[in-house]
């Protein structure tokens, strides 16, 4: 019987994280009462020390949120192909020998969330924003989109970064001005990766028949953009969809057992409803 029963989410700030709720719900649903999942406030400066104190005989793995997804990379023994492509690790698995393996479950989680809603392939797509989450969005679109991806950005530097990533991923990228972001919803699929309030100005000028919107925020929900898209008949996915699907994959990486999607989603919904 394995002794690697501990896992946790690290980041700063971390108090808002729903990861403990999701993973603990998975443990409860599958009768894994011996397992433990915690959260720890850890910033970039404190990360090396935290990792060195880990006892791999006890720890199965770690979930990582901002600002640690890139800071963890030099501390790992191996990094998966997806994580390397987007330069972001959100999952660390400890081998019994202490080997540290990093990967990214945000990308396949995003793909799985879309597939759950019937979005298998699209001929074109748009992305709002150009930060770390936008990189994961592009990696997911490399599997989903067969045509051009338009990325709405605020700066030439961000545009150059997205074009370079698209080239590495084999995606055809076109950059467009942030101010034209409302036109993104003319695409069959739009992924919004921006902070709270950033897309509010687009809500009143959306096309009459928007496509699928995947807005990665989950609190507050719905965003103004998501509500406006739904009112106009568009299909809307939210940040909880992404959070749950990536957590299901982490759960399996930590336990060897597929995460119970329905139980984990219900726990996340309940936690958000409580505020």
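The values are calculated or read from the model by the stated rules, or taken from the named source; none is laboratory data. Quick caveat, the model's predicted, so the values are computed rather than measured. Glycine gets a Cβ as well: all are built from the backbone with ideal geometry, and neighbour counts include every protein chain shown.
In this structure, residue 233 does satisfy being modelled with pLDDT under 95 and on the phi > 0 side of the Ramachandran plot. All of (1) surrounded by 18 or more Cβ atoms within 10 Å (Cβ to Cβ); (2) at pLDDT 95 or above; (3) assigned to a loop (DSSP other than H, G, I, E, B) hold for residue 120 with one exception: (1). Counting only residues that are more than 15 Å from the chain's Cα centre (by Cα) and either within 13 Å of residue 185 (Cα to Cα) or outside any loop (DSSP other than H, G, I, E, B) (or both), region 214-242 holds 13 of them. When the test is whether a residue is in a helix (DSSP H, G or I) and buried (at least 21 other Cβ atoms within 10 Å of the Cβ), residue 163 does not pass it. Is it the case, given these coordinates, that residue 93 is more than 18 Å from residue 44 (Cα to Cα) and within 18 Å of the chain's Cα centre (by Cα)? Spelling it out, residue 93 is indeed more than 18 Å from residue 44 (Cα to Cα) and within 18 Å of the chain's Cα centre (by Cα). I'd like to know if region 176-187 contains one or more residues that are on the phi < 0 side of the Ramachandran plot and under 19 Å from the mean Cα position of the chain (by Cα). No, the conditions are met nowhere in region 176-187.
If only residues of region 123-135 that are touching a strand residue (DSSP E or B) at 6+ places or on another chain (Cβ under 8 Å) and part of a loop (DSSP other than H, G, I, E, B) are counted, the one that is farthest from residue 180 (Cα to Cα) is 123. Among the residues making up region 1-49, those that are assigned to a strand (DSSP E or B) and farther than 13 Å from residue 60 by Cα are 10, 11, 39, 40, 41. Please determine whether any residue of region 49-59 is modelled with pLDDT of 95 or more and closer than 24 Å to residue 244 by Cβ. Within region 49-59, one or more residues are modelled with pLDDT of 95 or more and closer than 24 Å to residue 244 by Cβ.
Here residue 98 meets each of (1) touching a residue at least 40 places away in the same chain (Cβ under 8 Å); (2) in a helix (DSSP H, G or I); (3) over 15 Å from residue 188 (Cβ atoms) with one exception, condition (2). Filtering 227, 253 for residues that are at pLDDT 95 or above and assigned by TED's automatic domain parsing to the domain that holds residue 30 leaves a single hit, 253.
Mind checking which residues of region 60-85 are assigned to a helix (DSSP H, G or I), at pLDDT 95 or above and surrounded by fewer than 15 Cβ atoms within 10 Å (Cβ to Cβ)? Answer for region 60-85, where residues must be assigned to a helix (DSSP H, G or I), at pLDDT 95 or above and surrounded by fewer than 15 Cβ atoms within 10 Å (Cβ to Cβ): just 74.
Taking region 248-269 as the range and being farther than 14 Å from residue 116 by Cβ, touching a helix residue (DSSP H, G or I) at 6+ places or on another chain (Cβ under 9 Å) and either touching a residue at least 12 places away in the same chain (Cβ under 8 Å) or buried (at least 19 other Cβ atoms within 10 Å of the Cβ) (or both) as the test, the residues that pass are 250, 251, 254, 255, 257, 260, 263, 266, 267, 268, 269.
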